[in-house]
Amino acid sequence: MSKEIIAPTLYGATWCIPCKKLKEWLDKKKIPYKYVDVETLDGGQEELDRNNISSIPTLVVGNVRLYSPTEEELSVQFPS
């Protein structure tokens, strides 16, 4: 039985340097992800509240939320 892989969701903003670095890391590792720009999000605050997003960057992987994740935390979630 194959395990379904759900792409993580990255909540960020264009002006956020740590968000840019996290996007670069995901791209370098060729990890598909959904990017949500919190500044242009319709119904933005409601979605952030509903998903318990209080800071950026936040990476949601299934039921796990990583707030400003370190490279070590990312490596645990996405082993090579």
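The values are calculated or read from the model by the stated rules, or taken from the named source; none is laboratory data. Keep in mind the model is a prediction, meaning the values are calculated, not measured. Positions of Cβ are generated from backbone atoms using ideal geometry, with glycine treated the same way; all protein chains shown enter the neighbour counts. Side chains included, ligands, DNA and RNA excluded: accessible areas come from the protein's heavy atoms. Shrake-Rupley method; radii C 1.70, N 1.55, O 1.52, S 1.80 Å.
In region 23-47, which residues are more than 19 Å from Phe78 (Cβ to Cβ) and within 11 Å of the chain's Cα centre (by Cα)? Selection gives Asp37 alone. Look at (1) touching a residue at least 40 places away in the same chain (Cβ under 8 Å); (2) touching a Leu at 6+ places or on another chain (Cβ under 6 Å); (3) acidic (Asp, Glu) and you find that Glu73 fails only one, number (1). Residues that are surrounded by fewer than 14 Cβ atoms within 10 Å (Cβ to Cβ), more than 20 Å from Ile6 (Cβ to Cβ) and modelled with pLDDT under 95 within region 24-69 comprise Glu39, Thr40, Asp42, Gly43, Gln45, Glu46, Asp49, Ser54, Ser55, listed in sequence order.
For region 27-56, residues that are touching a Gly at 6+ places or on another chain (Cβ under 9 Å), under 16 Å from Pro69 (Cα atoms) and not in a loop (DSSP other than H, G, I, E, B) total 1. Out of region 70-80, which residues are open to solvent by 90 Å² or more (accessible area, probe 1.4 Å) and either touching a strand residue (DSSP E or B) at 6+ places or on another chain (Cβ under 9 Å) or more than 18 Å from Ala7 (Cβ to Cβ) (or both)? If the condition is that a residue be open to solvent by 90 Å² or more (accessible area, probe 1.4 Å) and either touching a strand residue (DSSP E or B) at 6+ places or on another chain (Cβ under 9 Å) or more than 18 Å from Ala7 (Cβ to Cβ) (or both), then Glu71, Glu72 are the ones that fit.
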